Each structure stands twice: as structure tokens, then as C-alpha cells.
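Following: one structure in C-alpha cells, then a few remarks.
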Amino acid sequence: MRTTVRGGSLAALLALVAVSGCRAQVVDAHGTPTPARTTAGSTRAPDDAKEGTGSPAPGSASPEPEPDPAVSTTPPPRVLWSRGDRGRDVREIQARLRQAAWLFEGPTGTYDIATAAAVRGFQGKRGLARTGEVDAVTWRRLLSMTREPTRWELYAFGGQPATRPDPRCMTGRVMCVSKTSRTLRWMVDGRTVSVMEVRFGSQYTPTREGVFSVAFKSRHHVSTIYHTSMPYAMFFSGGQAVHYSADFAARGYAGASHGCVNVRDEAKVAALFAQVRTGDKVVVSW
């Protein structure tokens, strides 16, 4: 029921509302209704303007969307080395991976399939992204777990650069052997024809140093003392010879000879054997 009061007193109106329990609509002397007021005297807000409903007030800023915690905004670490890279730095990576027992080949100085697989294994074990690439985070972790490789760890399977030839190698036909760089240069009149990696005897069976000459050659020689094969043997000091070693080819510098100069590359020593003559000079030096 709607009750309309015209010209009555406010007290009469309030009394009427209290009795009837109905919503009162007040009209002025001209019959125009005026909004009902709350007990605090303010105009009651329409239902759709209550908090949490309706549109924001004009000119107010829209709330910023909450970030998705599943989406990372951190950029990936910078890649330092990856497949196809070559050089001394790659040798160090490979040597350190060998120290950590993740790589059993090389070092070769070439970032190949085996190196990438070793890096992935190393990364996965430590909760890093398994990219197979050495990024800044992977490199720091590898450094913290390993030590600086020695020169011969870097060249455990050869590839080391040859040192300058001994002055005694600069004339004639010479097999110029350097213990410092573990290389053999085949030189003719001061010109280097070929270079190959070699290894020597242990401290108990050392390779003798000095100037010698080739006494004789034996293509399919077998040691009468150790009963081991010595292909392409070129003897220069008693039972010591330059020859191919299958053990050197398989194990690298993990082993040693019984005093001979072992060559690991069979094709190179075969070519050398074909060129060297009896009487050619042999220089073994540090």
C-alpha cells in the first residue's frame, strides 16, 4: 500500500509509516514525489551501484591484472658454447666433463655429439635445463665442481701444437721429436713435411734423448722382449724405435711405451715409414 501525504506534518508522516509498515513516498505541495532517505539522511544508492557490482566510476583507473605465477619473466642464461664450436675453450669444457665423469672421449677441441650428450647429463643431474649447450649457469656449476685442467689433460688424446723445432733439426732429413709438445716433425732441409702426436717411455723405461740415426726399418716387427706388435718400426737407439702403437691409439696418454716413440696415427706413420731412409737423422729433445 502506498500512502501519500499532502501538506501534513512530518511527525504525522513518520507515525503513519511506523503503523503501516509500508514504504512511504513523500510528495510536495505540487504532488511531485521526492526520494526516500535513509536514517542517516543520505539518498539510498540504487542496488546496481553497490560495492562489487556495476561499472567503475568515470575517470577511475582499471585494476592491473594479476601476474600468472606459471609464466617466468626471467630471461634464459646466455649460451657460451654449443655444437660446432672449436678451440681451446671447448677442450677445457671436455677436460672438466671428464673430471666429473660425464665424458670419456677426447678432449678433441670440437663440440660434438658426445660433448652435447655429456652436457645434457650434467645439467639434468643438477636440475638445470637439459639443453646440451653450455650457458653461463652450467659453466659456473661445472667450474665449481672441477679444477683447472693440466696441459696434458687438455691434450689427453693428442691435438697439441708442436713447439719450435730443435736447431739440430734444421738441416738434412730428420725425425725431430719433442718431449715438451709430445710431437714428431718429419723435416727435410728445415721444412716441416708432417707432424704427428707421439708418446714416450715411463720413468722406469725412459726414451733416450740425443742425436741418433735410423739403424734399420721393420714393417711388421714384433718385440722379442715384450712380444708386442711394433708396426712400421724405425730403430734409432738399440731396441728403441719410432713405430705405430694400437695401445696409444686406444688409450691416449693414459699409458706409456717401454722406451720407444709411439705414434698414434697409423696413416701418418705409414707415410713416414715410406719416406724415411736408413741413416736419416733422429733428434729427441725436450
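Since every read-out is calculated from the coordinates, none of them should be taken as a lab result. Bear in mind that the values here come from a model prediction, so they are computed numbers and not experimental data. Ideal geometry is used to build each Cβ from the backbone, glycine not excepted, and the neighbour counts take in all protein chains shown.
Under the combined filter of DSSP loop state and at most 12 neighbouring Cβ atoms within 10 Å, the range 153-219 retains these chymotrypsin sites (Phe, Trp or Tyr not before Pro): 204.
Using 0.36 nm times the number of residues separating residue 270 and residue 254, minus their current alpha carbon distance, what extension gain do you get? Each step should come with its number before you reach the end.
Details: separation 16, 0.36 × 16 = 5.76 nm, distance 2.34 nm.
Extra length from residue 270 to residue 254 when fully extended: 3.4 nm.
Annotation: the range 130-286 has a Kirkwood hydrodynamic radius of 16.6 angstrom, from the mean reciprocal C-alpha pair distance. In a DSSP loop and with at most 14 other Cβ atoms within 10 Å, the trypsin sites (Lys or Arg not before Pro) in the range 129-168 are 130, 147.
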